[in-house]
Amino acid sequence: MINILLPDGSARSLPNDACALDLANDISEGLARISIAAYINGQLLDLSTSLKDGDQVSLVTDRMQESLEVIRHSSAHLLAQAVKELYPSAQVTVGPVTENGFFYDFAYERPFTPEDLNEIEKHMLQISKNNVAIERLNWSREEAIRFFTAQGELYKVKLIERIAEGENISLYRQGDFVDLCRGPHVVHTGQLKAFKLLKVAGAYWEGDASSEQLQRISGTAWANKKELKAYFRRLEEAQKRDHRRLGVQHDLFHLQDEAPGMVFWHPKGWALWQSIAKEIRQRMVTWGYQEINTPQLVDRSLWEKSGHWDKFRDEMFTTQTDSRDYAIKPMNCPCHVQVFKQKLHSYRDLPLRLAEFGSCHRNEPSGALHGLMRLRNFVQDDAHIFCTEDQIGSEVSDFIDCVYEVYRCFGFDDILLKLSDRPEQRVGDDAQWDKAEQALHQALQAKDLSYELNPGEGAFYGPKIEFSLRDCLGRVWQCGTIQVDFSMPSRLGAEYVGQDNTKQTPVMLHRAICGSLERFIGILIEQYEAKFPFWLSPVQLMICNISEPQSEYANKIQQQMRKSGFRVDVDLRNEKVGYKVRAHTLDRVPFIAVVGEREMQDGTLNIRSRAGEQLGTMSLEAWIEQMQAFQRDYK
C-alpha cells in the first residue's frame, strides 16, 4: 500500500498501482465524477497518472477555475478528432487554449463553410456522448515520426523533427485519433459537456505570413451549460458595449483607411479626452510631477544609444532629411533623459519627476489594429522618476497610492497586480536587482495588497509592477505600470552629484497610470456603455426649447453655464420637444433641460435625467449649484 497526502494534511492508503482517479473514487464516487485532473506534488497532471508513496495530491474538479484549461485543451482535441473523421484528408497542425476557449488550425483543400462547422459540432457532440476514453501514450521520436508520416500528417512530423533525437514523445489517443500533446486531458470525452464552435478564419503556419495558409476553427468550452450560456450573455453584452460602434453612434471618433491605426477625434470625443487629461494633470501636480513636452522626430543616433533601434527598429516610423535618419518616437523615455541632462543635478534634487502626455507612433501590424485598443498613434500619460536606489521603495509606494486614487476616480475598484522579477537576460548586478525587487515587494506588502508573482518576466533593465482593471463584464485590462530601470540612464549619460561629491547614475522609474489614453477611453466607453458619469460626459446638459421664441433664452442659459465651466449644448431644431428629449436621452446626455414660455418668463429650467427622473423646475442659480455638487461627487 502507498500513503497519499491530501491538502487538509490527512493521508489516504491506496494500492501500489493506484492512480489519481483511484484516489478520487476512494474518497467518493461523486467526487470522481466531477474530477478533471490533479495537482501531484504541485504539477497539474492527468487523473490516470500513477501515484507513489508520499505524493501530495489535490484533485481539480469541474467547479474549479483550473479545470477550464484542461477542458478547453481536451475540446481542441475533440474538434480535431471530429474534423479528421469527417474530412480524412485534412491535416491537423496546432490547437492551443485561448482566454475563453480554444482553436485548431487545419490544412484542407477547400475552405470550411458555416455548414461544415455545424456538421463538425454535431459530430463533436456525438463523440462526447460516446464517452470515448482518452489515453496518454509515450513513444520514441522515431516511432512518432513513422506514425504521423504514415498518417499523412506532415505538420506533426515537422514539429516532432525539432525534438532532439532519443527523446520520448507525449501523445494522446481517443478512439482512432492520436495527437501530439503534453496534456493533461480529461479522462473521457463525456466530460466535455458544454462547447460551441464560433467561426472559421484564415491563419498562417506558425503565424508567419510567408508560410502556408491554414484554416483556424475557433470555439469556446466551459465546465457546464450554465457557464456556456453565461459566456454568450457576456458576449452579447460586450457587443452592445463595443467602443467602436458606440464611438460612431455617439459621434465621439472615427477611424478610416487613409490613416490606419490613428484616431479622428470629433468634438464630443475630444472633450472626453481633454477631461481625462485635465484630471490626470491636476493629480500629477499634487503628486509632485513637472510636466514637459519633447519632440516627435528624433535622430536615429539617440535611439541607437538607448538600445531601441536594435530592439524596435521594425516598429518605428522613420524618415530622412539632410542626409540624416530620424524616427518618430515610439516611446518617451530617451527624450526625458535628455531633459534631465540639461543641468547638473545634486542628490538634493532627487527624486525628480518628469511627466508628459507623449504622442507615440508604433508600426503595429495592420491585422493587430483594433479600434482604440490597439493603435499606431496613441498618447501615454507617461512619466519618469529619476531617483537614488534608496528612494525606489518610497517612490513606488507613493505611485501605488496615486494609481488607486486615479482608478477610483474613474469608477474602478477591482485592481489586479502582478510583480515581474528578473529575467535570465538582464543588465545590472544582482545586488541592484535584489534591492529593487525587495523594494517592490515591500511597497505592496506594506499596503496589504495581494499580488501575483510573474517569475522571470521583468524587463531586461529591471523588475516591474503591472496594474490591471477588471471591468463590469469581468474582463481584465492591463493599464498602469511602474518599471525600475538600471540601464538607460547609464547608456545615455545621466548623472547626479552624490552626497560624497562624486558623479553617480540615477535609477529611472518608468511609470504610467492609464497607459494609452486612447485605449483607456475605449475601456471607459465599454465600462459605462457611453453612459459616462456627469463629470466625464462630453455634453453634461442639453437645453431644448419648446418653440422658436425661447431660442434666445436657451442660448443665454448656455452661455452662462459655459462660463461656469460646464459643457452645455442647445437643441433649437424645429422638432417636437418630446422627439428632442428622446434623442438626447438615447445619446446618453446626463441631464436635459426643457424651456418653454413659462420657464422663459420665470427665468427657470425644467430638468430631467437620462434615466427619466423628473427633477422639476428650478432657477438657473439653483441648477448651477446642483451641477457643481454633481461635479464634486466623483472625488
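Please state the shape class of segment 2-61: rounded when a/c is under 1.5, otherwise prolate if a/b exceeds b/c and oblate if not, all from the C-alpha gyration tensor. Can you show the working numbers first?
Numbers: a/c = 1.31, a/b = 1.19, b/c = 1.10.
It is rounded, given that a/c, with a ≥ b ≥ c, falls under 1.5.
Positive contributions from Lys and Arg (+1) and negative ones from Asp and Glu (-1), summed over other residues with Cβ under 13 Å from the Cβ of Leu272, come out at +2.
Residue exposure proxy: Trp205, Trp222, Trp273, ordered by other Cβ atoms within 10 angstrom of their Cβ from fewest to most, comes out as Trp205, Trp273, Trp222. Ellipticity at 222 nm from helices only: DSSP H runs of n ≥ 4 in the chain, each -39500 (n - 2.57), divided by the residue count, give -11000 deg cm²/dmol. With 27 Å as the limit on Cα-Cα distance, the pairs of Lys199/Lys464; Lys52/Lys129; Lys278/Lys563 that go past it are Lys199/Lys464; Lys52/Lys129. Residue pairs exceeding 25 angstrom between C-alpha atoms, taken from Lys196/Lys240; Lys305/Lys329; Lys156/Lys193: Lys156/Lys193. Against the empirical curve 2.2 N^0.38 Å, the C-alpha radius of gyration of segment 67-237 lands at a ratio of 1.02. For segment 234-321, the fraction of C-alpha pairs farther apart than 19 angstrom is 66 percent. Legend: P(r) of segment 459-528 from all alpha carbon pair distances, 5 Å bins from 0, whole percents, reading 4, 15, 18, 15, 12, 11, 9, 7, 5, 3, 1, 0.
Once C-alpha pairs closer than 8 Å and six or more residues apart are averaged by separation and normalised to the residue number of segment 43-154, the relative contact order reads 20 percent. The convex hull built on the alpha-carbon positions of segment 288-341 has an orientation-averaged projected area of 4.3 nm². Normalised by residue count, the chain yields a Cα convex hull volume of 235 Å³ per residue. Rounded to the nearest 5, the antiparallel percentage of DSSP beta bridges internal to segment 67-237 is 100%. Our summary gives segment 541-633 a relative contact order of 28 percent, counting only alpha carbon pairs under 8 angstrom and 6 or more residues apart.
Every Cα-Cα pair in segment 424-562 was counted, and those over 17 Å apart are 74% of them.
Size descriptors for segment 1-121, from the alpha-carbon set: Rg then Dmax equal 18.5, 57 Å. Think of the chain as a dipole: +1 on every Lys or Arg Cβ, -1 on every Asp or Glu Cβ, centred on the Cα centre; then among Phe520, Ile400, Val187, Phe520 lies furthest on the positive end.
Taking the DSSP beta bridges with both ends in the chain, the antiparallel portion is around 85 percent. For segment 312-407, the orientation-averaged shadow of the C-alpha convex hull comes to 9.1 nm² (one quarter of the hull surface). Helix 577-586 and the long axis of the chain differ in direction by around 40°, with both axes built from C-alpha atoms. Percent of Cα pairs in segment 51-110 per distance bin of 5 Å, from zero to the largest separation: 4, 17, 20, 15, 13, 11, 9, 6, 3, 1, 0.
The chymotrypsin sites (Phe, Trp or Tyr not before Pro) of segment 44-119 that meet both conditions, a loop assignment by DSSP and at most 15 other Cβ atoms within 10 Å of the site Cβ, are Tyr108. Treating cross-link reach as a plain straight distance, find the lysines whose alpha-carbon is under 25 Å from the alpha-carbon of Lys576, omitting any fewer than eight places away in the same chain. Straight-distance partners of Lys576: Lys268, Lys531, Lys556. Based on the convex hull around the alpha carbon atoms, segment 210-254 presents an average projected area of 5.8 nm².
Counting neighbouring Cβ atoms within 10 Å and putting the fewest first, the residues Val570, Val427, Val285, Val263 line up as Val285, Val427, Val570, Val263. Every Cα-Cα pair in segment 541-633 was counted, and those over 24 Å apart are 10% of them.
Rule-based calculations on the coordinates, nothing more; no lab input. Since this is a predicted model, take the numbers as computed values, not measurements. Note: ideal-geometry Cβ built from the backbone for every residue, glycine included; neighbour counts use all protein chains shown.
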